[in-house]
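Asks: Could you have a look at this structure, given as structure tokens, before my questions?
Since every read-out is calculated from the coordinates, none of them should be taken as a lab result. None of these values were measured; they are calculated from a predicted model. Every residue, glycine among them, receives a Cβ derived from its backbone with ideal geometry; neighbour counts consider all protein chains shown.
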Amino acid sequence: MNGIVVRLFFALAIVFSLTPDNATGETPSTKEDYTKFCAPCHRPDRLGFTGPPLIPGHFSRTNKKRLADVITKGLPATQMPPFRDILPAERIAALVKYIQAPVDKVEWTTIDMATSRKEVAVEYAPRVRRIADLGEVIMVVERGTRKLAVLSGNPPRIFASYYVGAVHGGLKFTHNLDRVLSIARDGKVTSFDLRRLKVDTQFKAGVSSRAIAISKDDKFIAVANNLPSNVMLFTSDMTPVHEIKINGTVGGIYGLYEDNSFLLSFRDKAEIWLIDAKPPFAIKKIKTPEPFEDISISPRKNLMIAARRDGAKMYVFDYKSGKTLATFPAGGFPHLASAVFFTRKGELFAALNHIKKAEVTIISIDKLKVVSRVPIAGAGFFVRTHTFTPYIWAGTNTEKIALIDKADFKTVKYITPRPGHKAEHVEFNAKGNLALISIPEVDGAVMIFHSETLTPVNSIPFNTPKGKYNSKNKTFPAHAFDGDQASIPSPAPSGNTTITSWAQTTSRPKGSHVYEEACMGCHHQRYDAFGPSFAEIASIRSRDQIRAQIMAPASMFKTLGYRRNSMPTIPLSAEQLDAVTDYVLSFRE
């Protein structure tokens, strides 16, 4: 079926599934109830599509009461609606029994993966050109069409879009930012080349998948599957090389910032696994106080904030030592996957919102205590911030976005992108001067605001836009709080005060910061990207040669033996030039 037919089918399925029974007087069979109300999202064979599998062992805490509650009341922050007004208790009980019936063992082999590969067409915007700065790529999940849109530029515009299915578990970028990978609930993995603006490959890594992660050195990719229960490891060209079988339901899989490994969490097991991201992919199993279904990993230190989805506690947990460093009351269903980290006067904080409580909780990670509970207009799902803005931007599940001052942790104002229409999921461009906000409707939009003046910049139409991911913010989260936030003045009430960026406020730049600001779009530290790696440059060039190439590439390239030059002149201060030169030379082996 083409995309229009698919959308029409599911639109009709939802409409009819929520319509009361007709007046025939006959009671539908349980199978008919399942087909009508459940199959559009969970598939007729119960193996999952836009919703998870409904089979034993693959639905969190699969006891009768839990399943009956979910069907009756629905699930917040998901597409699962309540059926209390549609189905009587006895038919819900019958459905619970139906979905607890065992099924044949589900398998998905490497042969299945190979035969599932397919070509995917890309739709290009008029007058599309090569993306100049890969750090400014922003991907938009368009739920209404099940496509990803590629945005770039300042302000952003659409370059291309392509079909990916029901994306789940977030997008991941390679560390040289030239590829973006997505995972759909039905196991569909799509790899997109951001330099050539084309799909490298699309195939099914499993029958039902949870998340995808990329190793720090970009050599291996991990896919965590619910069906079959495993973690599949692939090389960078998506060749399967190793399977790790698991007994449990996956919470998520993450590439760790501090080292070259993956972290696997579970929804039903009180443990996490650290998987070495190189053969033979050794596993270290670490006990946790309870299952960590929802986690957020700090970009600094070996720490994470974790909780069971409806648990009573949040934890600050050292995932290397296995020690619980602090616990806090969790009431309100904390949405830790969207937690954001930032610094103030050198102190590291985390902010998170709650699906069932109109509050943003702010935790000092350094002092291991809750420092503020900020009331907001509604129980939201997402928070975001950036070093450019003095605010934490928090969704409220209403038309309003709350702006919380990072100086005193108070809500100072609200913005209403489109009055009368829900606004959600803020994302910033890499520089932080623009904030993108979704209006998640069929005739919706991604609305772009200047993050200093809070004035609208542009509005791009989308069919039910949801998540947005900037390549640099997603892949290098620490860069968004490099430099001390306290050095960035908050705007006066008039909104006219200028907010300077990190590059303008930091007197002693670090080479890694200059690299991320000026070089990362073309160079990787240890692997060839658009330009040679820093390791290669450092092995054959002197300090003076490196400085000269940065300052005057157009006149130096022939002297250094290059046949052509693609490197622009980069305006750096003397301090920035020294810092980045030292950084390049640090990779000399």
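Asks: Classify region 380-450 as rounded, prolate or oblate, taking a ≥ b ≥ c as the square roots of the eigenvalues of its Cα gyration tensor: rounded when a/c is under 1.5, otherwise prolate if a/b is larger than b/c and oblate if not. Let's see the in-between values first.
Replies: Numbers: a/c = 2.24, a/b = 1.39, b/c = 1.61.
Because a/c hits 1.5 or more and a/b fails to exceed b/c, region 380-450 counts as oblate.
Asks: Quick one: Ser209, Ser236, Ser555, fewest Cβ neighbours within 10 Å first, how do they rank? Each step should come with its number before you reach the end.
Replies: Working: Ser209 26, Ser236 16, Ser555 12.
Least crowded to most crowded, the residues run Ser555, Ser236, Ser209.
Asks: Sticking with this one: Can you sort Lys204, Lys422, Lys323 by how many other beta carbons sit within 10 Å, fewest first?
Replies: With the fewest neighbours first, Lys204, Lys422, Lys323 line up as Lys323, Lys422, Lys204.
Asks: At 7 Å along the Cα-to-beta-carbon direction for both Asp104 and Lys413, put a label point, then send me their distance in nm to one decimal.
Replies: 6.2 nm
Asks: Along the charge dipole of region 348-447, pointing to its positive end and built from +1/-1 on Cβ of Lys, Arg, Asp and Glu, which listed residue (Leu348, His425, Pro440) has its Cα farthest out?
Replies: Leu348
Asks: Ok, one more. At 222 nm, what value in deg cm²/dmol follows for the chain if DSSP H runs of at least 4 each add -39500 (n - 2.57) and the sum is divided by all its residues, to the nearest 500?
Replies: Value at 222 nm, helices only: -4000 deg cm²/dmol.
Asks: Could you give me the radius of gyration and the Dmax of the chain, taking only the C-alpha atoms into account and expressing both in angstrom?
Replies: So, for the chain, Rg and Dmax equal 24.5, 88 Å respectively.
Asks: Longer than 18 Å from Cα to Cα, which of Lys245/Lys284; Lys73/Lys400; Lys216/Lys474; Lys245/Lys285; Lys36/Lys466; Lys118/Lys474 are they? Say none if no pair is.
Replies: Over 18 Å apart, Cα to Cα: Lys73/Lys400; Lys36/Lys466; Lys118/Lys474.
Asks: Classify region 203-276: rounded, prolate or oblate, from the alpha-carbon gyration tensor (a ≥ b ≥ c, eigenvalue square roots; a/c under 1.5 rounded; otherwise prolate if a/b is larger than b/c)?
Replies: oblate
Asks: Towards the positive end of the charge dipole of region 506-585, with charges on Cβ (+1 Lys, Arg; -1 Asp, Glu), say which of Ala538, Gln576, Ser512 has the farthest Cα.
Replies: After comparing all options, I get Ala538.
Asks: Then there is this: Which of the pairs Lys278/Lys320; Lys345/Lys369; Lys323/Lys357 have their Cα atoms more than 20 Å apart in this structure?
Replies: Violating the 20 Å Cα-Cα cut-off are Lys323/Lys357.
Asks: So, one more: Whole number please: convex hull volume per residue of the Cα set in region 285-367, in Å³? All intermediate terms of the calculation are to be shown ahead of the outcome.
Replies: Values: hull volume 7.2 nm³, N = 83.
In region 285-367, the Cα hull volume divided by residue count equals 86 Å³.
Asks: On to the next question. Relative contact order for region 170-248: what is it in percent, counting Cα pairs under 8 Å that are at least 6 residues apart?
Replies: 20 percent
Asks: What ³J(HN,Hα) values, in whole Hz, does the Karplus curve 6.51 cos²θ - 1.76 cosθ + 1.60 give for region 98-103 when θ = phi - 60°, with x put for Gly and Pro?
Replies: 5, 7, 8, 5, x, 10
Asks: Here's something else I'd like to know. For a quick check: sort Arg588, Arg185 by the number of other beta carbons within 10 angstrom, fewest at the front.
Replies: Working: Arg588 12, Arg185 22.
Taking fewest neighbouring Cβ atoms as first place, the list is Arg588, Arg185.
Asks: Could you sort the peptides 467-477, 426-436 by per-residue average Cβ neighbour count (10 Å cutoff), highest mean leading?
Replies: Ranking the peptides 467-477, 426-436 by packing returns 426-436, 467-477.
Asks: Could you pull the Rg and Dmax for region 506-585, using just the Cα atoms, both in Å?
Replies: For region 506-585, the Cα radius of gyration and maximum Cα-Cα distance read 11.8, 37 Å.
Asks: Applying the Karplus parametrisation 6.51 cos²θ - 1.76 cosθ + 1.60 with θ = phi - 60° to the phi angles of region 568-577, what ³J(HN,Hα) value in whole Hz is obtained for each residue in order, glycine and proline being reported as x?
Replies: x, 6, 10, x, 10, 6, 4, 5, 5, 5
Asks: Can you bin region 360-408 into rounded, prolate or oblate? Criterion: square roots of the alpha carbon gyration tensor eigenvalues sorted a ≥ b ≥ c, rounded for a/c under 1.5, prolate for a/b above b/c, oblate for the rest.
Replies: Values: a/c = 2.23, a/b = 1.43, b/c = 1.56.
Oblate is the answer for region 360-408, as a/c is 1.5 or above yet b/c matches or exceeds a/b.
Asks: How far is helix 3-17 tilted off the main Cα axis of the chain, in degrees rounded to 10, range 0 to 90?
Replies: It is inclined by approximately 40 degrees.
Asks: Only Cα pairs under 8 Å and at least 6 apart count here; give the relative contact order of the chain as a rounded whole percent.
Replies: Contact order relative to length: 8 percent.
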